[in-house]
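J.: Shown below is the structure under consideration.
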Amino acid sequence: MELFFSEQGTGYPVIFLHGFPFDHLLWEPMKKFLPGDNRFIFPDVRGFGKSLAKKSDYLMEDMAKDIIQLLDAEGVRKAIIGGHSMGGYIALEILRQAPNRLDGIILVASHIYADTEEKQSERFNTIEQIDFKSLIELLEGMPNKLSTDEIVQTYCKKMVEKSKAIGVKGALRAMAKRQSSENLWITAATPKLIIAGDNDQFIKPEIIEKMAINGRNVSKIIIKDAGHMLMREKPEATANALKDFINQIRSR
Ligand code: MLT
């Protein structure tokens, strides 16, 4: 599927994939802190923003293929690919499908594990209720769990309200059915960076620590006083963390 994207700058390509239920504008506050000598590409992943989906029966594999297709269409042979939360799951799936397209992978408040059975049934329950309840009712607790910053909470609420049922269903299904990337994380030589907030209510510090230890070529940066929405809560610190990793890879 052809995706909408925005871009900034020219030079070495870096792709940023937003999480659930956001769009390419997620990264907006951080953009002014990013270096000018890169081509940053910010797609709307399938089902969100301007990349509307017609059906919701797709998988993480399809969401990854969309991005590989975008790389092909834009003449990008290799890039660093970063993803926030669900965007990180997509980035991991790209690493599985096309490892030679990545010079580096960045997980921003994301992780490598598959859903627990409990999480899967929670997602399927939400899918079943989507046609009967509003998204804001269904994802009620989510905005305040994403961040303690009121401005960021308001943004999250707006994004939940704006998101389309087909995309939400599709993404929930794709996340529920995705496979674990634990093995890939250990075997792939691709440099890996984890950036996480120290106050993330979705991904606890012990999970981040476990991923940092059980992986190949993994670095980790913890952003202080930030939650799951660190690129909006601490945009400059998040951009700086990314910058160092991008520069290290470019100077190889
Ligand atoms: C996200 O922030 O993209 C989602 O909360 C991830 C998830 O539900 O696993």
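J.: Taking amide H positions as placed in the peptide plane 1.01 Å from N, state which residues far from residue 38 in sequence (5 or more) or on other chains have amide H under 5 Å from it.
T.: The answer is 10.
J.: Taking every DSSP beta bridge that has both residues in the chain, what percent is antiparallel when rounded to the nearest 5?
T.: 15
J.: Ratio of the stretch 82-192's C-alpha Rg to 2.2 N^0.38 Å, to two decimals?
T.: Numbers: Rg = 15.6 Å, N = 111, 2.2 N^0.38 = 13.2 Å.
Expressed relative to 2.2 N^0.38 Å, the Cα Rg reads 1.18.
J.: What net charge do the residues around residue 179 carry, taking every other residue with its C-beta under 13 Å from that of residue 179, with Lys and Arg at +1 and Asp and Glu at -1? Mind dumping the intermediate values first?
T.: Numbers: positive: 96, 177, 178; negative: 61, 93, 115, 182.
Value of the local net charge: -1.
J.: Next up: Mind checking the log10 I(q)/I(0) for the stretch 141-199 at q = 0.12, 0.14, 0.18, 0.21 Å⁻¹? Debye, one equal scatterer per Cα, no solvent, two decimals.
T.: These q points yield log10 I(q)/I(0) values of -0.51, -0.68, -0.93, -0.99.
J.: Here's a follow-up. What FRET efficiency, computed as 1/(1 + (r/R0)^6) with R0 = 41 Å and r the Cβ-Cβ distance, is obtained for residue 118 and residue 2, rounded to the nearest 0.05?
T.: Approximately 0.70, to the nearest 0.05.
J.: How far is the Cα center of the stretch 164-208 from the Cα center of the stretch 61-125, in Å?
T.: Each part's Cα centre sits 8 Å from the other's.
J.: In nm, give the distance between the simple-model label positions of residue 140 and residue 161, each being 7 Å from the Cα along the Cα-to-Cβ direction.
T.: Output for this residue pair reads 1.8 nm.
J.: At 7 Å along the Cα-to-beta-carbon direction for both residue 189 and residue 252, put a label point, then send me their distance in nm to one decimal.
T.: Here the modelled spin labels are 0.9 nm apart.
J.: Would you grab the residues whose amide H sits under 5 Å from the one on residue 221? Only those 5+ places off in sequence or on another chain, please, with H modelled 1.01 Å from N.
T.: HN-HN under 5 Å from residue 221: 194, 195, 196.
J.: If you don't mind, another one. What spacing in nm lies between the two simple spin-label points modelled at residue 39 and residue 225, each 7 Å away from Cα in the Cβ direction?
T.: A separation of 3.8 nm, rounded to one decimal place.
J.: May I ask for the percentage of alpha-carbon pairs in the stretch 1-115 that lie more than 17 Å from each other? Walk me through the numbers before you get to the answer.
T.: Working: 3253 of 6555 pairs.
Taking all Cα-Cα pairs of the stretch 1-115, the fraction more than 17 Å apart is 50 percent.
J.: Count charges around residue 215 for me, please; just the other residues with Cβ under 14 Å from its Cβ, Lys/Arg as +1, Asp/Glu as -1. Walk me through the intermediate numbers first.
T.: Values: positive: 192, 210, 216, 220; negative: 182, 209.
So the surrounding residues net to +2.
J.: Provide the net charge surrounding residue 124, with neighbours chosen by a C-beta distance below 13 Å and charges set as Lys +1, Arg +1, Asp -1, Glu -1.
T.: Net charge in that neighbourhood comes out at 0.
J.: Apply the Karplus parameterisation 6.51 cos²θ - 1.76 cosθ + 1.60, with θ equal to phi minus 60°, to every residue of the stretch 161-175 and state each ³J(HN,Hα) to the nearest whole Hz, in sequence, with x for glycine and proline.
T.: 4, 6, 6, 9, 4, 4, x, 5, 4, x, 5, 4, 5, 4, 5
J.: Here's a follow-up. Please report, in cubic angstrom per residue, the volume enclosed by the convex hull of the alpha-carbon atoms of the stretch 91-143. Present the calculation step by step, with values, prior to reporting the outcome.
T.: On the way: hull volume 6.7 nm³, N = 53.
Per-residue hull volume (Cα only) is 127 Å³.
J.: Let me ask something additional. Using amide H atoms built 1.01 Å from N in the peptide plane, name the residues 5+ places from residue 102, or on other chains, whose amide H lies under 5 Å from its own.
T.: Amide H neighbours of residue 102: 79.
J.: Once ligands and nucleic acids are excluded and a 1.4 Å probe is used, how much of residue 37 is accessible, expressed in Å² to the nearest 10?
T.: Number for this one is 80 Å².
J.: Something else about it: Which entries of 133/234; 158/192; 65/192; 169/234; 145/224 have Cα-Cα distances beyond 27 Å here?
T.: Result: 133/234; 158/192; 169/234 exceed 27 Å.
J.: For residue 213 and residue 133, what is the calculated FRET efficiency with R₀ set at 41 Å and r taken between the beta-carbons, to the nearest 0.05?
T.: It comes to 0.50.
J.: How big is the Rg/Rh ratio for the chain, C-alpha atoms only, Rh by Kirkwood, two decimals?
T.: 0.93
J.: Residue-wise, which Karplus ³J(HN,Hα) couplings in Hz belong to the stretch 67-81, taking 6.51 cos²θ - 1.76 cosθ + 1.60, θ = phi - 60°, and x for glycine or proline?
T.: Going residue by residue, I get 6, 4, 4, 5, 4, 4, 5, 9, x, 9, 7, 9, 8, 8, 10 Hz, with x marking Gly and Pro.
J.: Where both partners of a DSSP beta bridge lie in the stretch 1-141, what percent of those bridges are antiparallel, to the nearest 5?
T.: 20
The values are calculated or read from the model by the stated rules, or taken from the named source; none is laboratory data. Predicted model, so just to flag it, every value in this text is computed and none were measured. No Cβ is skipped: glycine too gets one built from the backbone with ideal geometry, and neighbour counts run over all protein chains shown. Only protein heavy atoms, including side chains, enter the accessible area calculation; ligands, DNA and RNA are left aside. Shrake-Rupley method; radii C 1.70, N 1.55, O 1.52, S 1.80 Å.
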